[in-house]
Every structure is written in C-alpha cells, then in structure tokens.
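> Before I ask anything, let me first share the structure, which is written out below as structure tokens.
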C-alpha cells in the first residue's frame with residue numbers, strides 16, 4: 001500500500017503551490033507604508049524561506065519513506081536504535097539556524113518597541129479606546145510649534161488632563177506622509193488593540209495604563225491617501241486605509257473600525273487640524 | 001498457573017453493574033469513561049465551530065435550522081454578534097478542557113499507564129475514580145451555562161479581564177456591564193474550569209505516583225515506552241502549572257461575585273450607564289497567571305500524543321524507535337522550556353518589550369526539541385517495513401502535520417513578525433495544526449491502535465481508512481488557508497471580515513474554509529459509526545493483534561480487573577523490532593531471553 005504516500009504528497013504539494021501562488025492573486029501581506037515595515041516583512045520572508053526549506057525536506061523524506069519502505073513480505077527492517085553522530089548533527093544544525101533566526105529579530109524589535117529607541121516625534125496624539133470606538137485627541141495647531149510638546153503631552157495623557165483647545169475626533173487617525181508619530185494609547189473600559197495593518201504596528205491598550213506607541217509613514221512605498229483640493233477647499237480620500245481592533249473587546253469588536261488618513265505634508269495636516277478645530281468650535285456654540 | 005488465576009479472581013470479585021461500569025475504580029473503565037465523554041464533547045465542540053463558520057463565510061445569512069429555533073424574531077434567523085463570540089469561545093473551551101486534555105491524559109493516560117508498566121491498576125484507584133467524577137459537575141455547569149441569562153461565556157477561551165471580569169457595582173447583581181454573556185455565563189465558565197482543574201490535578205498526582213512506584217520487575221525508567229514517558233512528563237507539567245490556573249480562576253471568580261478587584265485597575269471603569277467600583281488591581285496579572293498555566297497546557301495537549309504516536313510508528317514500522325533516549329530528552333526539554341515561554345502570548349500586551357526579547361529567544365529554541373522528535377520519527381520509518389494500518393496512517397499524518405504546526409510557531413515567536421501577525425488568523429492556523437492536525441490525529445491513531453485491547457474487538461479497517469483519507473483532505477482544506485488569511489493580516493475573533501476594505505478580497509478563502517469544515521464534519525459520521533458500531537462486532541480474543549512489544553499486549557483483551565494473570569517480568573526495552581535475537585520481527589518486553597528458564601512470575605499484588 002505504498003500509494004498512501006501519494007495522498008500525503010498531493011496534499012503537501014497543493015499547499016506548497018498555494019503558498020507560492022497566493023501573493024500573485026493579491027493574497028499576501030498588505031502594502032507597507034512604514035519605514036521599519038520592510039524590515040518586518042523581510043524577517044517574515046526570511047523565516048518563510050528557512051521554514052519552507054525544512055518543511056519541503058522533511059515532508060519529502062517522510063513521503064519517500066512511505067513509498068520506498070512500504071510493507072513487503074519477507075523484508076526485515078534495519079535493526080538499529082539510532083545513530084549518535086546523526087543525533088548530534090540534527091540537534092546542532094537546527095540549533096544554529098534557530099539561534100540565527102532569534103538574534104536576527106532583536107534589532108527590529110528594539111527599534112519598533114523599545115521606548116528608549118523611539119526617534120524624536122514630529123507629531124503626537126492620544127488614542128483612548130472604548131467599546132467600540134477610538135477617541136483621538138490632537139493638540140491644537142498652535143501647540144504644534146512647542147518644542148516640548150511631546151513631553152508635556154505625555155504627562156497630560158498620563159494624568160488624564162485635557163486642554164480646551166484640543167481637537168477631538170472619533171475613529172480618525174490623521175498623520176502626514178513621512179512623519180514620525182508618537183501615540184499615547186489608553187483604554188477606558190476593556191482591553192483593545194491598536195492595529196494599523198499598513199503600518200505594521202500593533203499595541204494592546206490596557207485599562208489603567210498609558211502606553212507609548214511609535215510609528216511612521218516614512219516607508220519608500222508610503223503615499224498620501226487624503227488629498228487637499230485647494231479649488232474646492234475640501235479633502236478627498238483616494239484609498240481607504242484602516243485602523244482595526246485586534247483584541248477581543250465585546251460584541252462589537254469586529255466593527256471597531258477606524259480610518260487612517262495620510263496627508264501629503266505637515267502643512268496639509270495643519271490646515272486640516274485648523275479646519276477640524278473650527279468645526280469643533282462651531283458645534284460647541 | 002491456575003492457582004494464580006484463582007487468586008486473581010479472588011482479589012477481584014464480580015462487581016455489580018454500577019460498581020463495574022459507572023463508579024468504577026478500574027483504570028481501564030475510567031479511561032474508557034473519559035474516552036466516551038471526550039468523544040461526545042468533541043461532537044459538541046465541533047458542531048459549535050460549524051455554526052460560526054457559516055457566519056464567517058456568508059455574513060448575516062440565515063443559519064439553516066438553528067436560525068429558526070434560536071434567532072427567530074427581530075434577528076430574522078441570523079446569528080447575533082454576541083452569539084458568535086459565545087460560539088467561538090465555547091468551541092475553544094470545550095475542545096481544550098473537555099476534549100483534548102481529558103482524551104489525552106484522562107482516557108489514554110488512564111488506560112495505558114498501568115498496562116504498559118505492568119501494574120494491576122493505578123496507585124490510587126479511588127482518587128482516580130474521583131478525578132473522573134469531578135468532570136461531571138464541570139460537564140453539567142458548562143452545558144447549563146448555555147441556558148443562563150446572557151448565554152454562555154463569550155470572552156474567548158482566554159477570558160481576559162476586564163471584559164471577562166468587570167462586574168456591576170456592589171448590590172446590582174451578577175450581570176456584567178461589559179458584555180451580556182460576561183455575567184452568569186462567565187461565572188459558570190470559571191466554576192466549570194475549576195472542577196476540570198481539580199480533576200486533572202487528581203489525575204496527574206496519580207500518574208506520577210503510579211509511574212514512579214508501580215513498575216513491574218525489570219521495567220526500569222529507560223525501558224518505559226514513549227507513551228509512558230510522555231504521560232509521566234505531562235503529569236509533572238500539569239501538577240506544577242495547574243495550581244496557578246486554579247488560583248487565577250478563583251481570583252476572577254472573587255472579582256465577579258464578591259467585588260474584589262484583583263484585575264480591576266485603580267479608578268472605576270465606565271460602561272454605558274454603569275461604572276464599576278474603584279479597583280486597585282492589575283489587568284495584566286491575569287494574562288501572566290493564565291499563560292503560566294496555559295502555555296504548558298499547550299504541551300499537555302501535544303506531548304501525550306507524541307508519545308503514543310512514537311509507539312504506534314515503531315510498531316507499524318516493524319523497526320526500533322530511532323533515538324529513544326534523545327526522544328525522552330526532547331520531551332523533557334519541551335516540558336522544561338515550556339515553563340519559561342509564556343510571555344510570547346503577551347508580546348503586544350503592554351508588557352515591557354525588553355521582557356519580550358528574552359521570551360522570544362526561549363520560544364524559538366523550543367522548536368529544537370520538537371525538530372529532534374521529527375527527525376527521529378523520520379529515522380524510524382527509514383529502512384523500515386511499514387504496515388499501513390489505520391492507526392499508522394493517522395500517526396504518519398500526525399508527523400506530517402506537526403511539521404507544519406511546529407514550523408508556523410516560529411513566525412509568532414519572532415517578535416517583530418508577531419507585531420504584524422499577532423491575533424490574526426495565522427495564530428488560528430498554527431494552533432489548529434498543533435491541536436487538530438496533530439493531537440486529534442494522534443487521538444484517532446491511539447483509538448484505532450488500542451481499541452482491540454479496550455474492547456476485545458476491532459474497528460473496521462476499511463472504513464477507518466476512508467475516514468482517515470477524508471479527514472486528512474478536508475482538515476487541510478479548513479486549516480491551511482487560514483495561514484494565507486492570516487498573512488493578509490485578517491484579525492481573529494471577527495464576526496464579519498467584510499467590514500474592512502483591506503480584507504474583502506480574502507473572502508473566497510473564508511468560503512472555501514467553511515465548505516471544507518462542513519465536509520470535515522460530515523466525514524466524522526464515519527468515525528462515530530465505526531467506533532460505536534464496532535462495539536457490537538465479533539469478539540476477537542487475540543491478545544496481540546499488532547505484534548507489538550509492550551506489556552499491555554500480553555494481557556487478555558480486554559484485560560480483567562487487575563490486568564495481568566501474573567506480574568510481568570521485563571527483560572528489555574520496548575522497541576526490539578526486527579531483532580536478530582528473534583525469528584519473528586518482534587520481541588516482546590516479557591519474552592524470556594534464550595537459555596533462561598521461564599519465570600514463575602510473582603503473584604499480582606492484592607490491593
């Protein structure tokens with residue numbers, strides 16, 4: 001019954017082909033806009049390549065054995081309890097590969113997540129999550145010139161203080177292309193997770209904590225998706241980018257959707273911020 | 001010999017039906033009890049998955065049959081999102097705590113340990129009976145929880161605070177302001193798991209003691225079959241990790257019922273019209289306590305299957321297990337490292353990222369003992385004489401699929417990559433390749449392998465193979481595309497992925513997975529009919545149908561209460577297949593070496 005090997009071979013082969021073809025029909029990682037994103041994607045592909053080789057080799061040996069050493073009457077198996085040198089080789093070689101994989105990650109992880117390694121920010125805002133929306137607090141355009149803004153804003157976020165001229169938006173993340181962004185992430189009720197798939201950033205929001213998050217839109221493929229049209233004085237969204245919740249937060253978890261708007265420049269962003277502030281003041285009265 | 005036989009029957013008088021099959025202290029009966037209840041819960045847990053898979057493939061569609069019964073009226077036969085949360089949460093809870101752990105340790109741990117080490121029973125037969133009967137309050141509570149106000153728990157099998165733990169202000173009742181099914185449903189969930197924990201704890205103490213104290217003469221530790229090594233190490237893992245989960249469950253239960261604030265941060269949490277009382281605790285504390293148990297639990301859910309599969313592969317390869325000692329060390333290595341990797345579930349949790357670096361390196365290194373095991377299984381089939389029984393096919397599927405599940409774990413362990421794929425379908429694919437494609441195939445293999453010993457009958461091989469082939473194909477159809485869905489960064493636990501522009505183009509994958517899942521469900525009918533139907537088949541008195549070496553095959557099928565006519569004496573390791581010392585291609589552990597007299601055998605211990 002050596003043909004059982006065929007069932008295994010076909011299933012494994014279909015899976016290998018599927019993995020190889022999926023990106024061609026667009027079933028791959030979403031486009032990346034962040035400067036560190038290609039590093040993450042490259043590490044992903046490095047692991048995919050290494051595990052892929054191991055996968056194909058081990059499955060091939062298993063299927064070969066099933067075919068070649070299928071029962072035949074009169075044959076006797078080789079009488080062996082193991083092979084010392086083989087054991088050492090197949091322990092040491094994977095150990096080296098795994099250590100290589102592990103240490104290859106450290107740099108990228110430190111750059112993206114370590115607070116001490118986060119670059120100076122051009123922009124800062126606070127995201128406060130709740131069931132089932134993202135409330136975003138931007139410092140006013142006037143405060144954007146303050147060189148100490150990030151520090152004072154971090155303190156405000158920590159102490160739950162607000163300023164009268166803050167600009168509040170719900171489910172809207174506004175940044176500009178190439179900007180370095182610092183977010184102070186909080187939640188009012190349960191765990192949520194701030195996930196921007198195109199910026200390869202994810203961070204849980206934890207009740208009682210204010211967590212700094214860094215990301216940028218400075219990747220080589222980054223493009224603005226929120227374009228100001230001076231003639232009509234309106235903004236146009238050219239491509240939808242999304243903010244998703246990646247930690248179960250209740251029945252509405254799946255629709256805790258925000259939008260990411262990337263402006264073409266800081267000037268464009270400031271223009272929008274002033275516009276949003278004006279809108280906010282108009283509704284106050 | 002006949003005098004010995006009388007002594008045995010004398011020590012175990014015929015018991016009443018109730019004492020023999022229901023309140024039994026016989027490890028084999030208890031094992032079979034765990035097996036039957038585990039299979040029933042496998043049906044329930046699988047059924048829940050099929051229902052929510054329909055919603056995932058065709059969002060907001062009317063659910064056939066069930067829709068009319070449960071969600072008639074304003075819902076229009078459609079599944080509400082909180083029900084979806086409940087279904088996937090209970091699917092995972094049931095599969096982990098009521099199916100895989102009880103089947104691997106409860107059913108097969110119980111059945112195999114005394115038989116394979118040559119003992120008449122467990123060290124503590126009454127404790128053993130208690131460990132099964134503590135499952136029944138858990139069964140009752142978890143099933144009843146579906147009918148309480150708000151429905152069964154829907155906070156995921158991880159039940160993270162504060163969604164799971166938030167309570168109304170003191171005096172306002174047991175409902176939760178955070179979610180409708182986080183009130184009584186969550187309390188029932190906590191209670192049920194506490195009972196499961198006590199059951200497993202009693203079992204593991206028993207297994208450890210039995211393996212250490214009750215081995216037959218000549219059965220040294222390094223003559224024990226891999227199944228026993230795996231069960232032994234798993235029991236140690238369980239005994240060390242479970243108390244932490246039990247404590248965590250009790251803390252959350254206190255938060256929910258007595259308004260303590262172990263997991264509630266300072267300041268109250270506002271939910272709509274309600275604000276919880278002020279807290280003083282730590283939300284992240286739960287995750288540390290939970291994963292300190294639940295990561296080792298992942299190994300509890302795979303190591304016994306690895307052990308059983310090793311024995312099955314050696315038996316049907318007619319070849320000694322390749323690298324027996326490295327295999328033992330690998331299991332011990334997995335178990336040891338398993339205690340220092342729990343933080344890899346928490347890379348994105350707000351835990352200090354510097355801790356993440358350490359947890360990452362430990363986690364990636366745990367792939368090493370797993371790799372060693374795979375290479376040794378490949379070594380066992382090399383130059384072998386493979387008999388393709390149903391048990392062997394399922395065992396080979398275990399190896400083949402564990403390779404996928406093992407390798408895919410490395411992606412999440414790599415912290416930067418985890419930033420992207422954390423809590424996406426990639427992790428869902430990974431855990432199903434480990435828990436379904438590996439553990440469940442291991443369980444199918446073990447059922448086919450030990451069925452003749454359990455019942456003195458055989459399962460139908462033809463239908464066993466049909467079931468295997470269909471399950472292998474459809475299960476890959478369900479779980480493999482989840483990797484691709486995850487690489488598209490589709491978050492898990494979403495009621496409807498079509499809400500997101502960046503996910504809509506992946507929807508054909510969801511449809512394909514659901515169709516495969518439904519077919520996978522249908523294919524299991526073959527197994528059920530084969531399993532239960534074979535109970536009524538012709539009795540086969542054969543003791544050793546697979547020509548295997550280990551001790552259980554020297555006992556009658558099924559073995560009587562007390563197992564062996566005489567205490568077996570062990571002369572060699574369990575893997576002497578194709579040995580030049582024997583004309584046959586196997587050499588049982590009890591076969592007397594050439595030139596030595598047949599042992600008279602010591603009488604079975606009275607107990």
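The values are calculated or read from the model by the stated rules, or taken from the named source; none is laboratory data. As the structure is a prediction and not an experimental result, all values here were calculated from the model. Cβ atoms come from the backbone with ideal geometry, glycine included; neighbour counts cover every protein chain shown.
> For the stretch B:173-189, what are the residues that are assigned to a helix (DSSP H, G or I) and surrounded by fewer than 24 Cβ atoms within 10 Å (Cβ to Cβ)?
B:180, B:184, B:187, B:188
> Tell me which residues, restricted to the stretch B:270-284, are closer than 21 Å to residue B:351 by Cα, more than 34 Å from the chain's Cα centre (by Cα) and surrounded by 15 or more Cβ atoms within 10 Å (Cβ to Cβ).
B:279
> Can you find a residue in the stretch B:508-528 that is at the interface with another protein chain (Cβ under 8 Å from one of its Cβ atoms) and either more than 27 Å from residue B:41 (Cβ to Cβ) or not in a helix (DSSP H, G or I) (or both)?
Within the stretch B:508-528, one or more residues are at the interface with another protein chain (Cβ under 8 Å from one of its Cβ atoms) and either more than 27 Å from residue B:41 (Cβ to Cβ) or not in a helix (DSSP H, G or I) (or both).
> Do you know which of the residues in the stretch A:50-64 that are out of contact with any helix residue (DSSP H, G or I) (no Cβ under 6 Å at 6 or more places or on another chain) and more than 7 Å from chain B (Cβ to nearest Cβ) is surrounded by the most Cβ atoms within 10 Å (Cβ to Cβ)?
Filtering the stretch A:50-64 for residues that are out of contact with any helix residue (DSSP H, G or I) (no Cβ under 6 Å at 6 or more places or on another chain) and more than 7 Å from chain B (Cβ to nearest Cβ), the one surrounded by the most Cβ atoms within 10 Å (Cβ to Cβ) comes out as A:50.
> Of the conditions (1) in a loop (DSSP other than H, G, I, E, B); (2) closer than 22 Å to residue B:155 by Cα; (3) in contact (Cβ under 8 Å) with a residue 24 or more places away in the chain, residue A:186 fails just one. Which one is it?
Result: residue A:186 fails condition (1) only.
> In the stretch B:207-222, what count of residues is obtained for those that are in a helix (DSSP H, G or I) and surrounded by fewer than 21 Cβ atoms within 10 Å (Cβ to Cβ)?
Qualifying residue count, the stretch B:207-222: 6.
> List pairs: first residue in the stretch B:494-506 and more than 7 Å from chain A (Cβ to nearest Cβ) and touching a residue at least 12 places away in the same chain (Cβ under 8 Å), second residue crowded, with 18+ Cβ neighbours inside 10 Å and part of a loop (DSSP other than H, G, I, E, B) anywhere in the structure, Cβ distance under 7 angstrom, at least six positions apart or on different chains.
Here the result reads B:497/B:490; B:497/B:503; B:498/B:59; B:503/B:488; B:503/B:490, each pair linking the stretch B:494-506 to a residue that is crowded, with 18+ Cβ neighbours inside 10 Å and part of a loop (DSSP other than H, G, I, E, B).
> Which one of these does residue B:288 not meet: (1) within 14 Å of chain A (Cβ to nearest Cβ); (2) at pLDDT below 95; (3) within 20 Å of residue B:345 (Cα to Cα)?
With (1) within 14 Å of chain A (Cβ to nearest Cβ); (2) at pLDDT below 95; (3) within 20 Å of residue B:345 (Cα to Cα) applied to residue B:288, the lone miss is (2).
> Using the structure shown, decide if residue A:34 is touching a helix residue (DSSP H, G or I) at 6+ places or on another chain (Cβ under 7 Å) and facing chain B (nearest Cβ under 8 Å).
Against the criterion (touching a helix residue (DSSP H, G or I) at 6+ places or on another chain (Cβ under 7 Å) and facing chain B (nearest Cβ under 8 Å)), residue A:34 does not qualify.
> Is it fair to say residue B:116 is under 19 Å from the mean Cα position of the chain (by Cα) and over 30 Å from residue B:265 (Cα atoms)?
Against the criterion (under 19 Å from the mean Cα position of the chain (by Cα) and over 30 Å from residue B:265 (Cα atoms)), residue B:116 does not qualify.
> Moving on. Residue B:399 passes all but one of (1) crowded, with 23+ Cβ neighbours inside 10 Å; (2) more than 27 Å from residue B:534 (Cβ to Cβ); (3) within 11 Å of another protein chain (Cβ to nearest Cβ); (4) within 22 Å of the chain's Cα centre (by Cα); which number fails?
(2)
> Next up: So, in the stretch B:1-24, of the ones that are part of a loop (DSSP other than H, G, I, E, B) and surrounded by fewer than 20 Cβ atoms within 10 Å (Cβ to Cβ), which residue ends up modelled with the lowest pLDDT? Reasoning before the result, please.
From the stretch B:1-24, those part of a loop (DSSP other than H, G, I, E, B) are B:1, B:12-16, B:23-24; that's our starting set.
Next cut, surrounded by fewer than 20 Cβ atoms within 10 Å (Cβ to Cβ) only: B:1, B:12-16, B:23.
On the way: B:1: 36, B:12: 59, B:13: 64, B:14: 71, B:15: 76, B:16: 82, B:23: 87.
For the stretch B:1-24, the residue satisfying everything is B:1.
> Going through the stretch A:217-258 one residue at a time, which ones are in a strand (DSSP E or B), touching a helix residue (DSSP H, G or I) at 6+ places or on another chain (Cβ under 8 Å) and within 23 Å of residue A:41 (Cβ to Cβ)?
Passing the criteria: A:242, A:244, A:245.
> Kindly establish whether residue B:530 is in contact with a helix residue (DSSP H, G or I) (Cβ under 6 Å, 6 or more places away or on another chain), more than 25 Å from residue A:19 (Cα to Cα) and touching a residue at least 60 places away in the same chain (Cβ under 8 Å).
Considered against the rule, which asks whether it is in contact with a helix residue (DSSP H, G or I) (Cβ under 6 Å, 6 or more places away or on another chain), more than 25 Å from residue A:19 (Cα to Cα) and touching a residue at least 60 places away in the same chain (Cβ under 8 Å), residue B:530 comes out as yes.
> Something else now. Taking the stretch A:65-120 as the search range and keeping residues that are closer than 23 Å to residue A:194 by Cβ and not in a helix (DSSP H, G or I), which one is farthest from the other protein chains (Cβ to nearest Cβ)?
Selected residue: A:120.
> Separate question: Working only within the stretch B:190-206, note down all residues that are farther than 16 Å from residue B:300 by Cβ and surrounded by fewer than 22 Cβ atoms within 10 Å (Cβ to Cβ).
Within the stretch B:190-206, B:191, B:194, B:195 qualify.
> Moving on. Here is a list: A:158, A:203. Which entry is within 14 Å of another protein chain (Cβ to nearest Cβ) and assigned to a helix (DSSP H, G or I)?
Checking each option against the conditions leaves just A:158.
> For the stretch B:310-350, enumerate the residues that are in a loop (DSSP other than H, G, I, E, B), touching a helix residue (DSSP H, G or I) at 6+ places or on another chain (Cβ under 9 Å) and within 11 Å of chain A (Cβ to nearest Cβ).
Selection gives B:319, B:320, B:321, B:322, B:323, B:346, B:347, B:348, B:349, B:350.
Yes or no, residue by residue, for (1) within 30 Å of residue B:471 (Cβ to Cβ); (2) in contact with a helix residue (DSSP H, G or I) (Cβ under 8 Å, 6 or more places away or on another chain); (3) buried (at least 24 other Cβ atoms within 10 Å of the Cβ); (4) at the interface with chain A (Cβ under 7 Å from one of its Cβ atoms):
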residue: B:372; (1), (2), (3), (4): yes, yes, no, yes
residue: B:378; (1), (2), (3), (4): yes, yes, no, yes
residue: B:388; (1), (2), (3), (4): yes, yes, no, yes
residue: B:403; (1), (2), (3), (4): yes, yes, yes, yes
residue: B:425; (1), (2), (3), (4): yes, yes, yes, no
residue: B:428; (1), (2), (3), (4): yes, yes, no, no
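> Does at least one position in the stretch B:544-552 carry a residue that is closer than 28 Å to residue B:313 by Cα and not in a loop (DSSP other than H, G, I, E, B)?
Yes; the residues of the stretch B:544-552 include at least one that is closer than 28 Å to residue B:313 by Cα and not in a loop (DSSP other than H, G, I, E, B).
> So residue B:60 passes all but one of these: (1) buried (at least 16 other Cβ atoms within 10 Å of the Cβ); (2) in contact (Cβ under 8 Å) with a residue 60 or more places away in the chain; (3) touching a strand residue (DSSP E or B) at 6+ places or on another chain (Cβ under 8 Å). Which condition number does it fail?
(1)
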